[in-house]
Amino acid sequence: MDEHGDLGRSVSVIGLGAMGLSIARTLLEAGYSVSVWNRSREKVDAAVAMGASACDGPADAFKDSTKVVICLTDYAAWHELIEKHGLHTAFDGVCILQLTTGTIEEVRQHAALIHEHGGRIAEGKVQCYPSQLGTSAASLLMAGQPEVLAACEDVCCVLAPEWMNLGDDIGQPAALSRAVVAGFATAMIGFVNGMAIALKAGIPADLFMQHSSTVNGVLMGEQVRAFEAIRDDDTKSTEASLNTWAAAHETIHSVAKSLGTNLVLQDAVQAVFQEAKQVGLGQHDISALVSVFCNEQGDS
Ligand SMILES: NC(=O)c1ccc[n+]([C@@H]2O[C@H](COP(=O)([O-])OP(=O)(O)OC[C@H]3O[C@@H](n4cnc5c(N)ncnc54)[C@H](OP(=O)(O)O)[C@@H]3O)[C@@H](O)[C@H]2O)c1
């Protein structure tokens, strides 16, 4: 509680890794009274140096504030803490802002546990670097009951002025954040794989980068085009059919193979094009792959 006894301006943070410490710092800079707990003491000292108060144990974090941010490596670490410190009895009446990254199943089981013990849950996924918190570049996806999100709105606004309310389906932040990261990760892996192919051919990295920047400059525009085709249910019209893509990819696969690069990624891409052709999408646009990916394996 702050010096005025105002619990509304008090927040506790459990977990002071790169993200948790930045959450604490951002709240302190916004004038919040912040109490903190972390397994290893040196990070607590760093937060105290910024103006936070140290909790003796994680249970104290729930006594200091009615809003408790959890930001740990994973849900296993949080469940370990709950069991080790008997935190179940501390949840009653408290709003937990769960910002630990987890799966849809972990998120749902966790929400059920908190509700069972009288707590309230605002589930969130941070989609930015710690240093971006509190700026317009911060990205925070949240879900929870409307009254719970309303109670946490001030904290969300401080952490990410443009935070997104995804409604009361608690699994949505995990789903949306994982979906976006899936695309990002695949694009990055593709970029590095392309670099490896170039290097194996004796092409310098800077020349690869120069040409890649020119060709890949159209990527965002192409993603918008694919989005509009999927949204408008018009994934047939195209300037480059999946048959054309598949034939071009055969040459990528062949070049990657003859240069002796690892083919794990290109084998997977080849399998995607083969499946698209098998289900009759050869004449369609690349955006038509959405129907391949929406089906479980063997359910096409
Ligand atoms: N860093 C980013 O750029 C980023 C971006 C978006 C989302 N996130 C998410 O934010 C969460 C935290 O990430 P981070 O980057 O802050 O990780 P981190 O720097 O590795 O910190 C992990 C935190 O979890 C604690 N912890 C781990 N195992 C524990 C256990 N068994 N018991 C108690 N505490 C335990 C650590 O305590 P100790 O200090 O004692 O080890 C530390 O406070 C993750 O879910 C991550 O996916 C991070």
* Counting Lys and Arg as +1 and Asp and Glu as -1, each charge on the Cβ, what is the dipole of the chain about the Cα centre in debye, to the nearest 20? -> 780 debye
* Asked: Share of region 1-89's accessible area from carbon and sulfur, percent, 1.4 Å?
  -> 49 percent
* Looking at the square roots a ≥ b ≥ c of the eigenvalues of the Cα gyration tensor of region 195-261, which shape do they give, rounded for a/c under 1.5, prolate if a/b is larger than b/c, or oblate? -> oblate
* Structure fact -> accessible surface per residue for region 7-170, probe 1.4 Å, DNA/RNA/ligands not counted, whole Å² -> 43 Å²
* To do: When a/c is below 1.5 the answer is rounded, else prolate if a/b is larger than b/c, else oblate, so apply that to region 137-185 with a ≥ b ≥ c taken from the square roots of the Cα gyration tensor eigenvalues.
  => oblate
* Which listed residue (11, 155, 283) has the Cα farthest towards the positive end of the charge dipole for the chain, taking +1 on Lys and Arg C-beta and -1 on Asp and Glu C-beta about the Cα centre? -> 283
* Asked: With every protein chain left in place, what is the accessible area per residue of region 172-255 in square angstrom, probe 1.4 Å?
  -> 67 Å²
* Per residue Cα convex hull volume for the chain, in cubic angstrom? -> 176 Å³
* For residue 84, list the lysines whose Cα falls under 24 Å from its own Cα; do not include residues on the same chain fewer than 8 positions away. => 43, 63, 67
* Asked: How about region 110-179: which GluC sites (Glu not before Pro) there lie in a loop by DSSP and see at most 13 other Cβ atoms within 10 Å?
  -> 162
* Structure fact -> With Cα springs under 10 Å, the Gaussian network model of the chain assigns the largest mean-square fluctuation among 183, 260, 144 to 260
* To do: With just the Cα atoms of region 181-294, tell me how far they stretch along each of the three principal axes, in Å, largest first.
  => 43, 27, 26
* **Gaussian network model of the chain, Cα within-10 Å springs - most flexible of 272, 180, 44** => 272
* Asked: Where is the GNM fluctuation largest for the chain (alpha-carbon springs, 10 angstrom cutoff): 36, 68, 264?
  -> 264
* To do: Using a 1.4 angstrom probe on heavy atoms only, work out the carbon and sulfur share of the accessible area of region 181-294 in %.
  => 65 percent
* To do: Would you mind classifying region 98-157 by shape? Square roots of the alpha carbon gyration tensor eigenvalues, ordered a ≥ b ≥ c; an a/c under 1.5 is rounded, otherwise it is prolate if a/b is larger than b/c and oblate if not.
  => oblate
* **Set of lysines near residue 277 by C-alpha distance (under 18 Å), chain-local residues within fewer than 8 positions excluded** => 236
* To do: Find the percent of Cα-Cα distances in region 7-170 that exceed 28 Å, and round it to a whole number.
  => 10 percent
* Asked: Roughly what % antiparallel, to the nearest 5, for the DSSP beta bridges in the chain?
  -> 15 percent
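The values are calculated or read from the model by the stated rules, or taken from the named source; none is laboratory data. Computed from a prediction, not measured in an experiment: that's the story for all the values here. All Cβ positions, glycine included, derive from the backbone under ideal geometry; neighbour counts span all protein chains shown. Just so you know, the surface numbers come from the protein's heavy atoms only, side chains and all, with ligands and any DNA or RNA stripped out. Shrake-Rupley method; radii C 1.70, N 1.55, O 1.52, S 1.80 Å.
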